[in-house]
Amino acid sequence: MKFYILTILPKYFDGPLSVGILGKAVERGDVKIEIINIRDFAEDLHKTVDDLPYGGGGGMVLKPEPIVKAIESIINPERKQRVIAMTPAGRLLNQKIVKELSEYEEIIILCGRYEGIDERILEHFCEDLISIGDYILTGGEPAAAVLIDAVSRYVPGVVGNRKCVEEDSFSRGLLDYPQWTRPAVFRGISVPEVLLSGNHKEIRKWRMMKTIERTLKRRPEIIREELLTQEELESLKKLKENSSVKK
Ligand code: ADE
């Protein structure tokens, strides 16, 4: 899988893409990343990439010409490509979108800066606008790093255990169950007894219940009942009943 990053801050990516699991995947060539400096496509003497917004208002807007030239230098109809702009005005990223994007051969990611990107680019030259959350970053670069990290997990060979990726709880609208490691007692706080019992059936049931419980408590809006097992649905029903009794 290949990612092209269109940015006016190429140095930003020195760190996040070169360390950890992603860094290793890049080293092996499982994930390819090409950083493209939009400024290289500016044709005037000063390599201008931004200009004042029409209609006034503060800040600067990224100009269309250098961005289009950069995009057109990459576009190849023979490859399955997707052009995405990172913007807080995009659709909110989630695991379903991440998985969909992992089906592409190449993803071209445009990072915004300043007050925004000329709307003609977003409307006519990008196929998707993506936000990583309802908050404003100083630019699209951190958002691009997040997107690349999440999508790369689906590239074969990147995460050792494929089952972890395919069956991660988030894909089914659930938070993961909590984890503990040694020591069994830390500063007087014990690991839940059931996890020390060695009873795998009980442990599996307990984890399932914890998954439902914490999702219901912290992120009820992500639960997708149609994807839950009968056992999970029953647990959900019980927990909902209990909480309404308590209220
Ligand atoms: N650029 C600035 N804020 C952003 C966000 N929340 N998501 C994606 N791109 C952004």
Could you work out how much longer the chain between ASP30 and ARG120 gets when fully extended? Use 0.36 nm per residue separation minus the Cα distance between them, nm to one decimal. 29.0 nm
Mean separation of Cα pairs under 8 Å and 6+ residues apart, divided by the residue count of the range 1-88: what relative contact order is that in percent? 24
Quickly work out the ARG218-to-LYS237 label distance, labels modelled 7 Å from Cα along the C-beta direction, and quote it in nm with one decimal. 2.7
So the angle from the long Cα axis of helix 230-246 to the longest Cα principal axis of the chain, reported in degrees to the nearest 10, equals 80
So, with +1 on the Cβ of K and R and -1 on the Cβ of D and E, and no other charges, what is the size of the charge dipole of the chain about its Cα centre, to the nearest 20 debye? 1600
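Suppose R0 equals 51 Å. What FRET efficiency, 1/(1 + (r/R0)^6) with r the Cβ-Cβ distance, do SER244 and GLU127 give to the nearest 0.05? Walk me through the numbers before you get to the answer.
Details: r = 44 Å, r/R0 = 0.87.
Computed FRET efficiency for SER244 and GLU127 comes out at 0.70.
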May I ask for the equivalent-ellipsoid semi-axes of the range 112-210, computed as the square root of five times each C-alpha gyration tensor eigenvalue and listed largest first in whole Å? 41, 17, 13
Note: ASN94 to ASP40 extended length (0.36 nm per residue) minus current alpha-carbon separation gives 16.2 nm
Relative contact order (percent, whole number), the range 105-188, Cα cutoff 8 Å, 6+ residue spacing: 21
Simple spin-label estimate for SER18 and LYS205 in nanometres, 7 Å along Cα-Cβ: 5.2
Output the pairs from LYS47/LYS80; LYS210/LYS238; LYS96/LYS238; LYS163/LYS205; LYS96/LYS246 with a Cα-Cα distance over 24 Å in this structure; if there are none, say none. LYS47/LYS80; LYS96/LYS238; LYS96/LYS246
I want to verify the translational diffusion coefficient of the chain in µm²/s; compute it with Stokes-Einstein, Rh as the Kirkwood radius over Cα pairs, at 25 °C and 0.890 mPa s. 117
Express in nm, to one decimal, how much length is gained between VAL155 and LYS47 on full extension, taking 0.36 nm for each residue of separation and deducting their alpha carbon distance. 35.3 nm
Apply the Debye scattering formula to the range 188-247, with a single equal point scatterer on each alpha-carbon and no solvent, then give log10 I(q)/I(0) at q = 0.21, 0.29 Å⁻¹. -0.90, -1.18
Cα-based Rg of the range 1-75 normalised by 2.2 N^0.38 Å, two decimals: 1.36
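Read the figures in this text as sums done on the coordinates, not as results from a lab. Note that the structure is a prediction, hence the values are computed from the model and not measured. Cβ coordinates were reconstructed from backbone atoms using ideal geometry, including for glycine residues, and neighbour counts include every protein chain displayed.
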